[in-house]
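Trainee: Would you mind keeping the following structure in view while I ask a few things?
The values are calculated or read from the model by the stated rules, or taken from the named source; none is laboratory data. Just so it is clear, the structure is predicted and the values come from calculations on it, not from any experiment. Positions of Cβ are generated from backbone atoms using ideal geometry, with glycine treated the same way; all protein chains shown enter the neighbour counts. For accessibility, only protein heavy atoms count, side chains too; no ligands or nucleic acids. Shrake-Rupley method; radii C 1.70, N 1.55, O 1.52, S 1.80 Å.
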Amino acid sequence: MEPISEFESRLKERPLPQHVGVIMDGNGRWAEARGRTRIEGHREGSNSVREVTRAARRVGLEALTLYAFSAQNWARPPEEVAALMDLLREYLTRERAEILDNGIRLHAVGALDKLPAYVREPLESLRAESAGNTGMTLTLALSYGGREELLAAARALACAARDGALKPEALTEGDLEAALWTKGLPPVDLVIRTSGEKRLSNFLLWQSAYAELVFTDVMWPDFRALQLCEAIAAFQQRERRYGLTGAQTQGQT
Ligand code: IPE
Ligand code: IPE
Ligand code: MG
């Protein structure tokens, strides 16, 4: 089999997705299939986060957004939510040096005010400390929901209109984008979902309007550098038409 470094180099010869979003699903099933607790699955999943982030940086992605905890995940059993929050804190502490040493800019999207202070504080501190970094932007979607994000944007725009700062009839796509939590991030080109489910589960609903979708049966704890490369290679085979005909897309109008 081709060494992973060669696979990664080969990907750079063709246009890369600028921004990849990942729905990291299947930790629980991965663990249950091995007679282990769901929490152990989440722990193993955090090793995948580290490996995939490293590989994304080596390949040269501009932005990687990881769906780590959804707005709906708050309704899971309290012990599981607590364990996920503990793991998040552990992740932020453990990865701090690597993120800073590698020029990664850490960012977060979601209803972050709902996170416990012991997660919010290390998150905000690493976000502030890495804000000037110019390498890859790593965004954690935490307490995130696409509908919740669109609702917050609608509310902010309605308030701006009420206060006279915005003319409703002049509202543009750009204004809406600027009111989203993902403001400033490049357009999402590729969304990957692990674990065999074929749905978006409230992830980047507006942003993924024209993203290519890659679904894999691999459970998140088994998704590593190789699987990321395979998903990017699949993306590179796609023809993105944006509503045009195939001939138009290939420049033969
Ligand atoms: C993804 O794995 C992690 C989170 C949603 C927090 P799951 O915990 O959803 O794993 P499955 O889908 O139950 O296997
Ligand atoms: C989506 O996974 C959310 C994250 C990966 C953080 P879920 O496991 O929560 O999604 P559903 O419930 O299967 O749609
Ligand atoms: Mg799941």
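Trainee: Keeping all protein chains in place, calculate the accessible area per residue for the chain (probe 1.4 angstrom), answer in Å².
Mentor: Using a 1.4 Å probe on heavy atoms only, each residue of the chain averages 50 Å².
Trainee: Still on this structure, I have one more. Based on the Kirkwood radius over alpha-carbon pairs, what value in µm²/s does the Stokes-Einstein equation return for the translational diffusion coefficient of the stretch 19-81 at 4 °C and 1.567 mPa s?
Mentor: Calculated translational D: 100 µm²/s.
Trainee: Calculate the FRET efficiency for residue 133 and residue 33 from the Cβ-Cβ distance with a Förster distance of 51 Å, rounded to the nearest 0.05.
Mentor: In this case the efficiency is close to 0.85.
Trainee: Can you give the calculated 222 nm mean residue ellipticity of the chain, where each DSSP H run of n ≥ 4 adds -39,500 (n - 2.57) and the sum is split over every residue, rounded to the nearest 500 deg cm²/dmol?
Mentor: My calculation for the chain gives -14000 deg cm²/dmol from helical runs alone.
Trainee: Run the numbers for residue 215 and residue 124: contour at 0.36 nm per residue of separation, minus the present Cα-Cα distance, in nm.
Mentor: Stretched out fully, the residue 215 to residue 124 stretch lengthens by 29.6 nm.
Trainee: Let me ask you something else. Can you give me the long-range amide H partners of residue 107? Hydrogens built in the peptide plane at 1.01 Å from N, cutoff under 5 Å, separation of 5 or more residues or another chain.
Mentor: So residue 107 has HN proximity to 138, 139, 140.
Trainee: Express the carbon and sulfur contribution to the solvent-accessible surface of the stretch 17-102 as a percent, rounded to the nearest whole number, probe 1.4 angstrom.
Mentor: After summing per-atom areas, the C and S share lands at 48 percent.
Trainee: Under 5 Å between amide hydrogens, which residues at least 5 positions from residue 190 or on another chain qualify, with H placed 1.01 Å from N in the peptide plane?
Mentor: Placed amide hydrogens put 19, 21, 212 under 5 Å from residue 190.
Trainee: Given the peptides 125-133, 185-193, 66-74, arrange them by the average over their residues of other C-beta atoms within 10 Å, most packed first.
Mentor: Output ranking for 125-133, 185-193, 66-74: 185-193, 66-74, 125-133.
Trainee: Let me ask something else about it. Over the alpha-carbon set of the chain, divide Rg by the Kirkwood Rh and report the Rg/Rh ratio to two decimals.
Mentor: So for the chain, dividing Rg by the Kirkwood Rh gives 0.98.
Trainee: Using 1/(1 + (r/R0)^6) with R0 = 35 angstrom and r between the beta carbons of residue 244 and residue 167, what's the FRET efficiency to the nearest 0.05?
Mentor: About 0.65, to the nearest 0.05.
Trainee: What number, in percent, do you get for the relative contact order of the stretch 46-156 if the mean sequence gap of Cα pairs under 8 Å and at least 6 apart is divided by its residue count?
Mentor: Answer for the stretch 46-156 is 41 percent.
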